[in-house]
Structure formats: structure tokens, C-alpha cells
Amino acid sequence: MKRRIQKINIIEFKNKKILLLCHENTDLDSFCSAAIFKEYLKRNKIESVIGVPSHINEQTTSFARKQKMSFIINPNLENFDLILLFDFNDFEQLGFLRNNFKKLLLVKKIKVISFDHHFKEKRSIANGFINPKKLSTTELLFDLIGKSFNKKMFFYACLGMIEDTGRFLVGSKDFFESFSICLKNSGKKYSEIFRITKHVPLEGEKIAFLKAIQRAKIIKIKNVVLITSKISFYQGVIATKLLEFGADISIVCGLEKKGITNLSARAETFFKEKNNFNLMKDLMIVLEKDFGGEIGGHSGAAQWKGIANEKEILKKAESVIKKFVIKKVINNN
Ligand SMILES: [Mn+2]
């Protein structure tokens with residue numbers, strides 16, 4: 001089936017009270033996407049407000065401060081009649097706003113549109129502009145409204161693109177072409193933009209990483225390297241780091257507060273594309289069938305969250321990967 005090319009119809013945004021909502025623990029991709037859209041609406045003489053559920057990460061806070069961009073923490077949803085979601089489409093990522101949001105959908109006629117590059121799930125909040133082939137939401141916006149970008153918007157787009165590719169650990173021809181156009185028109189040096197995306201690990205993160213390394217297990221299936229580890233926090237960040245240690249696939253699992261187990265996985269781009277491997281389809285959906293819970297992410301980075309014994313679910317994940325490799329991977333060189 002050919003993908004329908006979606007276009008923004010600016011009339012739909014006129015005379016509405018618009019909230020541009022970022023996901024909880026807002027990162028640069030989510031915030032910059034909202035900022036790009038705010039600028040786009042402003043250029044069309046439409047006012048809007050950026051909101052974040054409860055927490056915005058340190059990097060994004062300092063960026064917003066330097067750019068003098070205002071945003072509301074925990075906005076009152078009732079004040080709006082059009083809510084746009086940036087870089088997410090899941091009730092889970094609404095943080096403290098979740099219950100109010102759900103209630104409001106039931107009692108008030110409120111329109112929600114999502115701009116997202118994560119796989120759409122059955123439980124997703126809304127339709128909208130969703131394309132899991134895009135590596136960042138800012139890249140998605142560039143495709144959609146790039147023709148009306150100004151300097152600032154090009155600059156913001158670069159940030160989301162660097163952030164979400166783990167500083168170019170993944171990429172594609174289209175992606176780099178778009179990035180190059182954005183950089184050229186941003187009026188910024190590459191080094192300036194790159195510096196903003198630099199992630200300085202917190203003390204707890206460093207300790208968690210060292211512990212995870214101590215506990216790591218290297219499993220070789222044919223010539224595919226799977227690295228697994230167990231840790232109660234920072235599973236996603238650590239799984240990403242493990243790819244740098246030569247893993248084709250990494251899985252980090254741990255029991256978090258309130259008895260919720262989190263299993264995060266990453267797949268190396270070359271391996272993933274060569275073998276047509278997709279963490280969502282080939283791993284998370286299988287885990288969801290056996291263990292219930294909730295899954296999210298895309299082909300190269302995904303997570304499972306729910307109630308399960310960490311040993312059991314990790315064992316299952318390992319066996320799912322083993323089966324895939326034995327069946328589908330011919331030669332990984
Ligand atoms: Mn993103």
C-alpha cells in the first residue's frame with residue numbers, strides 16, 4: 001500500500017486555544033518539535049502555548065532557558081480545545097496529567113493530534129502525523145512543514161535529529177540530506193549545535209552503568225552478539241551504551257520502584273537493516289503476548305514495562321532473540 005502523503009491544513013488551527021504538549025521527562029526532540037510548531041503557528045498568526053507534564057530533562061531545561069522560551073509545567077488542560085502531542089502518543093507519557101487528560105476526553109469535545117515517530121499502538125491516544133520511519137519528530141516536521149522553516153526552526157530541527165539518533169549512531173540517506181539542509185540554514189556552526197546535545201551523565205547514572213557492566217553477559221548466537229544485563233534504573237541509556245561495546249542487540253532489565261519491571265532493548269543499525277530485524281515486531285510484541293504489560297518504541301530502540309519476574313522475562317527475551325537469529329540470520333558479516 002502506498003503511503004498517503006499527509007499535509008497540514010492551517011485552517012484547522014485557526015481560532016482555537018492550542019496547547020503544544022511534550023512528553024514527560026521532556027527531551028530535546030520533543031521540546032524542539034513543539035518549539036518548531038509554535039513558530040510555524042506564529043508565522044500564520046496563530047497563538048499557542050508549550051506545556052510539559054511534570055518534568056523536563058536537564059539538557060532541555062538549560063536549552064529552553066538560554067533560548068528564552070517559555071513553557072508551562074502541568075498546564076490546565078481545560079483551558080484548551082486543541083492539544084497537539086509532540087514525540088509521543090501514549091497516556092503513560094502524560095505523567096501527572098494522565099488522569100485529567102483521560103477525564104477531559106470523556107467530558108469535553110477536545111481535539112488531539114499527535115506528531116510522532118514511534119509505532120502507533122492500539123492504545124495510542126490519537127491519530128495525526130505519525131511515521132516510524134523518521135528518526136526524530138523534528139525530522140518528521142521538516143518533511144511536513146520544512147518549506148516554511150525560518151533560521152530558528154532549522155536550528156531546532158538539527159537538535160532533535162542529533163539527540164534522537166544518539167548523535168548519529170543511526171541514520172539514512174534521506175535523514176542526512178534533511179539534516180544537512182537544516183544545518184546549512186540554521187545560521188549555526190555544527191560544533192555549537194553538537195555541544196547542546198552533549199549528555200553529561202549524572203552521578204547515579206555513572207554508578208548504574210558500572211554496575212550493569214559488572215553484571216553484563218555476552219551471548220554469541222552464530223556470529224551475532226547479544227549483551228544482556230540487569231539494573232533497576234537507566235535501562236534504556238545503558239542498553240544504548242552496550243551497543244558501543246560491540247553488541248548487535250542489547251537488553252537491559254530491572255525491577256523498578258512499585259514492583260514494575262522495565263526491559264529496554266537496542267539493536268545496532270547495520271544488523272537491524274541487514275536482517276530486517278525489528279525490536280517491536282520481533283521481540284516486544286512476543287513479550288507482550290506472554291507477559292502482558294505495555295510496550296513502546298521503534299525498530300532500533302524499544303521497551304517493555306509491566307509486572308514480571310525480571311529473570312523470567314529476560315530469559316524469554318534471550319530465547320526469542322536466539323530463535324530469530326537461528327531462523328533468519330544467515331551470516332552477520
Ligand atoms: Mn523522538
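The values are calculated or read from the model by the stated rules, or taken from the named source; none is laboratory data. Since we're looking at a predicted model, the values are computed, not measured. Methodologically, a virtual Cβ is constructed for each residue, glycine included, from the backbone with ideal geometry; neighbour enumeration extends over all protein chains shown.
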| query | Taking interchain pairs and intrachain pairs at least six residues apart, which have beta carbon atoms under 8 angstrom, with the first residue in the range 273-292 and outside the structural domain of K173 (by TED's automatic domain parsing) and of a type in the set (D, E, K, R) and the second crowded, with 21+ Cβ neighbours inside 10 Å and at pLDDT 95 or above? | reply | E288/W304
| note | Those residues of the range 164-182 which are modelled with pLDDT of 95 or more, surrounded by 13 or more Cβ atoms within 10 Å (Cβ to Cβ) and not hydroxyl-bearing (S, T, Y) amount to D174, F175, F176, F179, I181, C182
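Looking at the range 1-59, which of the residues that are assigned to a helix (DSSP H, G or I) and among the polar types (S, T, N, Q) is farthest from the ligand (Cβ to nearest atom)? Walk me through how you get there before you give the answer.
Start the filter on the range 1-59 by keeping residues that are assigned to a helix (DSSP H, G or I), which leaves 10-13, 28-43, 58-59.
Pick out the ones that are also among the polar types (S, T, N, Q) and you get 30, 33, 59.
Details: S30: 6, S33: 8, Q59: 14 Å.
Going through the qualifying residues, I end up with Q59.
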| Hey, which of the helices (runs of 4 or more DSSP H) in the range 234-322, taking only ones fully inside, have at least 2 residues that are over 25 Å from R123 (Cα atoms), modelled with pLDDT under 95 and among the charged types (D, E, K, R)? | 235-244, 269-274
| request: Give the residues of the range 165-184 that are basic (K, R) and part of a helix (DSSP H, G or I), sorted by residue number. | output: K173, K184
| note | Reported set for the range 135-175 where residues are touching an Asp or Glu at 6+ places or on another chain (Cβ under 7 Å), within 23 Å of E268 (Cβ to Cβ) and not polar (S, T, N, Q) is L135, G160, M161, E163, D164, F175
| Looking only at the range 213-247, and only at residues there that are within 16 Å of I321 (Cβ to Cβ) and within 20 Å of the chain's Cα centre (by Cα), the one that is surrounded by the most Cβ atoms within 10 Å (Cβ to Cβ) | A239
| field | Residue that is nearest to the ligand (Cβ to nearest atom) [pool: residues in the range 80-96 that are at pLDDT below 95 and not in a loop (DSSP other than H, G, I, E, B)] | value | Q93
| query | Out of the range 105-164, which residues are polar (S, T, N, Q), more than 13 Å from the ligand (Cβ to nearest atom) and assigned to a loop (DSSP other than H, G, I, E, B)? | reply | S124, N127, N150
| said: Being within 16 Å of the ligand (Cβ to nearest atom) and assigned by TED's automatic domain parsing to the domain that holds I18 is the requirement here; does K102 meet it? | reply: no
| Flag if K206 is more than 19 Å from the chain's Cα centre (by Cα) and assigned to a loop (DSSP other than H, G, I, E, B) | no
